[in-house]
Each structure stands twice: as C-alpha cells, then as structure tokens.
1. Where only protein heavy atoms count, and the probe is 1.4 Å, what is the accessible area per residue for segment 277-317 in Å²?
2. Could you give me the ³J(HN,Hα) list for segment 229-238, computed from phi with Karplus coefficients 6.51, -1.76, 1.60 and θ = phi - 60°, whole Hz, x at Gly and Pro?
3. For Ala52, enumerate residues with amide H under 5 Å from its amide H, sequence gap 5+ or separate chain, H modeled in the peptide plane.
4. When log10 I(q)/I(0) by the Debye sum over Cα atoms at q = 0.08, 0.13, 0.15 Å⁻¹ is calculated directly from the model, which label among [x] -0.39, -0.95, -1.21; [y] -0.44, -1.03, -1.24; [z] -0.39, -1.04, -1.35 fits?
5. Using DSSP H assignments, which helices in the chain have an axial alpha-carbon span of 15 Å or above and a mean Kyte-Doolittle hydropathy of 0.5 or higher?
6. For Asn198 and Phe109, calculate 0.36 nm times their separation in residues minus their Cα-Cα distance, and state this gained length in nm to one decimal.
7. Just list whichever of Lys259/Lys287; Lys50/Lys174; Lys95/Lys161; Lys188/Lys223; Lys190/Lys230; Lys50/Lys73 have alpha carbons separated by over 22 Å in the model shown.
8. Scan segment 189-238 for trypsin sites (Lys or Arg not before Pro) in coil per DSSP, keeping those whose Cβ has at most 11 other Cβ atoms within 10 Å, and list them by number.
Amino acid sequence: MTENEIEKQNTETAMTGQKPVLSVRELTYQYPRNKTALEDVSFDIYPGEKVAVVGPNGAGKTTLFLHMNSTIKSRGHVFIEGIDVADMNPTQRVKEVGIMFADPDNQLFMPTVFDDIAFGPLNLGLSKAEVEQRVEETMAMTGISDLKDRVPHHLSLGQKKKVVLASIISMKPKVLVLDEPTANLDPKSKRDVLDIVNRLNADGMTIVISTHDVNLLSELADKVYVLNRKIIETGTPRDIFSNPNLLEENNLEASDIFKFFRLLSTLGFDCEELPLSFDEAVNEILKQMEESGGHIHLHTHDYSHEHILKLREQFQYRIERID
C-alpha cells in the first residue's frame, strides 16, 4: 500500500469511525497473451455500505469479483477486516464473502432447493437443527418457501437467482457480492431481488453489486466505482450521471428518468437536483405543482432547439424537433 493510500484510509477511518470491511490493494491481473483485465485497482468498502461497480463490457468487473473470494489470484491483495482472503481457508472465505454470479446455473447443483440452500451451512459444521432453521429463514426472506422440494434446474431464471441468493444468505457472510443480479429478469423479479438486497443492507449487510441496469442504480447503491480495468471515478449515482464525459468515455449512460428531466430542464422545468428514479421524479413534480398552484409551466426559447440537439447527441436519444 502506498503512503497516499494509507493516508487516505486513515483519514476516512477517522471521519467515519470505522475501518474498511473490504479493502482491495494494487490488484493487477492479466489473461493469457498479456491481455490486461485489472490494472492497479485499489479501494475500500466500509461496513453497511451499498456499493455498485459499473463499467463497459470487458472492464474487469467479474474478474474483480473472482478475486474477492480468491477464486483467482494475481498480483495484489483483497483484505476482509484486515485479513488477506488468499490466506483464509475455504470455509472461512464463504463465511466472510458470499458471491452470486450472473448465471445461477453455475451455482445450483443439488437435487432440491432445500438441499442447495442447506449445502453451505452443512459444510460450516452447523447442527442439523440450525441448518434447517437457517434454510427456513432464508427461504421465507427470499419468498421461495413454496419451492422447497422443487428441482432447481426446472425453475425460472428469477426463481433460480432467488435460490442462489438464499443459499448465500444462509451462510451469513459479512459481504454480499452480486454480479448482475437483475440481468435478464422480468420487472417483477427485478423488484423482488432489489427488495431483498435492500432489506439485507438495512439489516447491516455490506453489499457490492455490478450492474448495467442504470435505471436501478440509484436504488442499488449509495456509492459507485467506475471500473475500466482501473478505477476511473468514484462518487454517488448522481455524481456519475452528471458527468457526460465520464459516461461517454466508458460506454455508460444515464438513467432514463435523469435524461428525461435533463430535457425538461431545457424547457423551463427547474429543480435543484435532477431525479434519478421514478419515485424521485414523482416527488419533484408534486412539489413543483404544489408551489405553483397546481400547474407546471414549460416553454421554449430561441436556443431551446439547440440545447435539445446537444442533449440528443450526448445521450444518443431521438427527440423530434419542436417548432
């Protein structure tokens, strides 16, 4: 760890009164033929944080996550509460870091849902009674109690992801890592997964998520790391969405709500902070209607069309000309 990194960590610890639960230090990884996947990646995540890692395809997100439980190793270190993950035995690792990957079929291998969820706790050496209690609790929390005796590979994608999530939660890890947890899910399943993750975080679990679903980002994370082989930027979802150059250079985009309110701002809709989610949008509209006697006034100026064209170019979004 460099002197600057040590100073930064000490400063953050002094400000928050906490030490990092997960620290990544100078992580560098190359695939065969010297293709760089990660380059000198360092950051800290604190207890109870809800953090998203975003970046274009091939940015190294999954490779980073594979290092978090030492599935792959390379130059650099991953620490959980100051202990190098590479020095932990397998049982200790799964108690510290639970990882759900994008394809649930890679993590389901037992004959029934109950067996898949019980597999981890059994290998922790827990009693049969405690294993059964944990399985029942996690099935209830994830809403899959009715799937108890089903064959995992016969389930829908959304159900499979909930089973994998329950199997990880049953081991009560300090850090829960989720690789594209809402990818390819229908809206109801997305909302179910999001609600589970937020309940876990509210109960104190530290969450790390990678996602391309920018419309859910403000609900999935309080802090965002932009990864493109190295850490490019860190900030809140609003910080990241408000930086068009950052988005363009890393093949990212803002949420639809954010883009729409950027458009409205060129037409006279003025708000202190552009909404990031539907709920924020509703609250902002109702607030402005209450303040203006039940009306919202939009208008165009000579420069409105020019601003709209710039927005269309920035967001690659088709908007018909306003005459």
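The values are calculated or read from the model by the stated rules, or taken from the named source; none is laboratory data. Since the model is a prediction, treat every value here as computed from it, not as a measurement. When we count neighbours, we look across all protein chains shown, and the Cβ atoms used for this are built from the backbone with ideal geometry, even at glycine. We work out accessible area using only protein heavy atoms, side chains counted, and drop any ligands, DNA or RNA first. Shrake-Rupley method; radii C 1.70, N 1.55, O 1.52, S 1.80 Å.
1. On a per-residue basis, 79 Å².
2. Values, residue by residue: 6, 10, 6, 8, 7, 10, x, 6, x, 5 Hz.
3. For Ala52, whose amide H was placed from the backbone, the distant partners under 5 Å are Ile209, Asp222, Lys223, Val224, Tyr225.
4. [y]
5. 113-123, 157-169, 256-266
6. Additional length available on full extension: 29.3 nm.
7. Lys188/Lys223; Lys190/Lys230; Lys50/Lys73
8. Answer by residue number: there is no such site.
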